[in-house]
Amino acid sequence: MSLEIYNSLARQKEPFEPVEPGRVHMYVCGPTVYNDAHLGHGKTYINFDIIFRYLRYLGFKVRYVQNITDVGHILDTGEDRILLGAAREQMHPMELVETYTRRYFRDMDRLNILRPDISPRATGHIPEMLEWIANLIKTGHAYEANGSVYFDVGSYAEYGKLSGRRLEQAQSGTRVQIAEEKRRPEDFALWKKAEPEHIMRWNSPWGEGFPGWHIECTVMSVKYLGLPFDIHGGGVENKFPHHECEIAQAEAVTGNSFVKYWVHNGMLMIRGEEMHKSLGNFITLEEAFERWDPMVIRFFVLQSHYRGPLDMSEEALDGAARGLQRLRSTLRAVRRRIQSAPPGESPAELTTLLESGREAFEASMNDDFNTPNAIAALFELSRGINAWLDQGQGITQEALEAVDSLLERLMGEVLGLLPEGLEDEMEPGLGRELIELLIQARSALREQRAFEAADAIRDQLAELGVQLQDSPEGTTWTMA
RNA sequence: GGCGACGUAGCCAAGUGGUUAAGGCAGGGGUCUGCAAAACCCCCACCGUCGGUUCGAGUCCGACCGUCGCCUCCA
C-alpha cells in the first residue's frame, strides 16, 4: 500500500505521486514574527513536521521551505503588527523581527521539529516580488491605483476553486473594508503605498511601499521549489483568502498549475474555543513548557489527526503524559538489558511481532498521515514487547537490538518523540552515583528485612523524582 | 447571510456500509511483589436527535439541535 494524501483542492484523498519521481518539494506558510509562538503554532508545525519526516522515511528526497513573514501587515485598524510590536518593545522593526525569529526557532527546536531546509524571509525577496507584480500588470491581471497595486480577481476565472467561493456570492462589503481605489471589493493588494509614518518601506516602480501579504508565499515558493510543486501546507484559516490569492497570483501569470496537493491542518482549541488573547486563553509555547515536557505536547498533538481540530485541556495533556511514559518505559527496559543479554539469534515470534507492528504503523501513516492510528499500533507493539520481556525466553542481544532499532525508527525518526534518547537517562556523575549508592544501601536493608527503613528511602527518593522499581534481577530507577 | 468542518465511553481520540466500534488516560477486578511501582491478563460505548436509502449504516442522503472555522493580512 502506498501513500495517500487528502488534497483540499480535490476535497478527497489522492494517491501521492510527486511531480518528479523520488523528490518532494513542499512549502508551508510560516509565522509572522512579531510575538512569541503559541500552542497553535506548535500544533501546526508539528503536523507538518510529521509529513516532512514521513516522506523522508519513505525514501523521498524532500526540500522543505517555510517562510518567515517579517513584513508588517495591516490590521483593520490601519496598524501593522510588526510596527506595533516594535513600538511596544522600543526596537527597530528588523530588531523585533530578528528577536522573535530566533525565539521561534528555539521553541520549534524544543518540540523536536526539524528545521526546514530553507527559511526564506519576505524582506529578502522584495526584488522578486516587484518583478512578479510587474508581470501581473503586464499580463493584465493587476492594476496600479494611487501608488498601490491590486490583483484584479475578475481576470482569473478560477478564483475561488480552493475555498469553494464564487465572486457573485461574496458579500457586498458589509465587513470588508473597501479601499475606494479598488475596482472591486474582492481585489487584493499586491503592493501597498507606504504612508509617511510607515517605517518598513521599499522603492518600487509605483513609489515607496511594502508588499501585500499573499505575494511573498507565491514568489518564494516558486523561487525555491519550481512550478508546479508538490505540497503546499498551512492552517485551514488560511485557505481563504491567503491560499486562494496565492493560486490566483501564480496561475494567472504563469498559466501553469501552481501546487499539486494542498494540505490544511485543523486548529487548536482551548476548552472548545479558538485561542485568543481577548478570551484569556492564549498560551505561548514557553509558558506551556513550564507545565509540560515538550515531548508530551508533541505526543498529545500526534494523538489526534492533523486535519481535525484539537481541543486541549490540562486533563487531556496529563493523560498524554502517562501514555508517552508507557511507551518510553518499554524502550528503556529494552535498552537496559542490551549490554547484559546473551548473544544469539532473534526468535522468530519476535521477528513476526516487530514486522506486523511496523506494517500496521506504515499502513496508518500511508493513510493520510494517520498518526493516532500509528500510535495505537505502537502501543500494541509495546504491549507485545513487554509481554515478550516478561516471559523471559529468547531475550538475546540481537533480539533486543532489533527491537531498539525499530522503536528508534518509528518513534524517533518518524514521530520525533525521542529527541536525544530518553531524557531521563541521567548522565554519569555524582547524582547518578549517589542514587546508586542509596539503592545499594536499601538493598542491604531489604536483605535484613528492614522494610520500614528501605521503604523510607524509596519514598524519599520518589519525592525527589527518582522512581525505584524492584525486580528479581535487582532494582532499577527512572527519573519521573 | 454565504462557504466549510465537526458532534463516537468520565476525559482525549481512530474508524474503506457488513462477523465481537482501534488506541491512550482515568476507573474496577486479577497475576507478580515483603509492600509498592512497573509490567501482563480481564472488564468498562450501540456512535447528537429524527427520518430516509440499503439485505445491512457510526460510516451514504435529508431535516433538526449543538459546537467550531473562514468570509477582517490569525498557525
Exercise. With respect to A:Phe300, determine if the residue is closer than 23 Å to A:Asp311 by Cβ and of a type in the set (Phe, Trp, Tyr).
Key: yes
Exercise. Please give the number of the condition A:Leu75 fails out of (1) in contact with a Phe, Trp or Tyr (Cβ under 9 Å, 6 or more places away or on another chain); (2) modelled with pLDDT under 95.
Key: (1)
Practice problem: Could you please find all residues in region A:424-467 being touching a Leu at 6+ places or on another chain (Cβ under 6 Å) and near RNA strand B (Cβ under 8 Å from one of its atoms)? | Solution: A:Ala454, A:Arg458
Exercise. List the number of the failed condition for A:Arg115; all other conditions in (1) in contact with a helix residue (DSSP H, G or I) (Cβ under 8 Å, 6 or more places away or on another chain); (2) charged (D, E, K, R); (3) not in a loop (DSSP other than H, G, I, E, B) hold.
Key: (3)
Practice problem: Examine region A:223-246 for a residue that is small (Gly, Ala, Ser), under 15 Å from A:Val149 (Cβ atoms) and modelled with pLDDT of 90 or more, and state whether such a residue exists. | Solution: no
Practice problem: Within region A:468-480, count every residue that is exposed (fewer than 11 other Cβ atoms within 10 Å of the Cβ) and near RNA strand B (Cβ under 9 Å from one of its atoms). | Solution: 2
Quiz item: Checking A:Glu186 against (1) at pLDDT 85 or above; (2) surrounded by 14 or more Cβ atoms within 10 Å (Cβ to Cβ), which test does it fail?
Solution: (1)
Quiz item: If you take just the strands (runs of 3 or more DSSP E) that sit entirely in region A:1-97, which of them hold at least 3 residues that are more than 12 Å from RNA strand B (Cβ to nearest atom)?
Solution: A:23-28, A:61-66
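A quick yes/no check of all residues on (1) under 18 Å from A:Val28 (Cα atoms); (2) more than 22 Å from the chain's Cα centre (by Cα); (3) more than 7 Å from RNA strand B (Cβ to nearest atom); (4) outside the structural domain of A:Tyr27 (by TED's automatic domain parsing):
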| site | (1), (2), (3), (4) |
| --- | --- |
| A:Val236 | yes, no, no, no |
| A:Cys245 | yes, yes, yes, no |
| A:Gln249 | yes, yes, yes, no |
| A:Thr254 | no, yes, yes, no |
| A:Ser257 | yes, yes, yes, no |
| A:Ile270 | no, no, yes, yes |
| A:Glu273 | no, no, no, yes |
Self-check item: Filtered residues of region A:252-302 (kept if closer than 29 Å to A:Leu3 by Cβ and in contact with an Asp or Glu (Cβ under 7 Å, 6 or more places away or on another chain))
Solution: A:Ser257, A:Phe258, A:Lys260, A:Tyr261, A:Met267, A:Met269
Quiz item: Does A:Leu389 fit the bill of being modelled with pLDDT of 90 or more, of a type outside the set (Val, Ile, Thr), surrounded by 12 or more Cβ atoms within 10 Å (Cβ to Cβ) and not assigned by TED's automatic domain parsing to the domain that holds A:Tyr306?
Solution: no
Self-check item: Which numbered condition A:Glu216 misses (of (1) within 11 Å of RNA strand B (Cβ to nearest atom); (2) surrounded by fewer than 22 Cβ atoms within 10 Å (Cβ to Cβ))
Solution: (2)
Quiz item: If you scan region A:305-329, which residues turn out to be among the polar types (S, T, N, Q) and at pLDDT 95 or above?
Solution: none
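Given the criterion at pLDDT 95 or above, over 23 Å from A:His242 (Cα atoms) and out of contact with any Cys (no Cβ under 9 Å at 6 or more places or on another chain), identify the matching residue among A:Arg115, A:Arg88.
A:Arg115
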Exercise. Could you name every one of the helices (runs of 4 or more DSSP H) located completely within region A:341-421 that has at least 3 residues being within 16 Å of RNA strand B (Cβ to nearest atom) and among the small types (Gly, Ala, Ser)?
Key: A:348-366, A:371-391
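The values are calculated or read from the model by the stated rules, or taken from the named source; none is laboratory data. Since this is a predicted model, take the numbers as computed values, not measurements. All Cβ positions, even for glycine, are placed from backbone atoms using ideal geometry, and neighbour counts span all protein chains on display.
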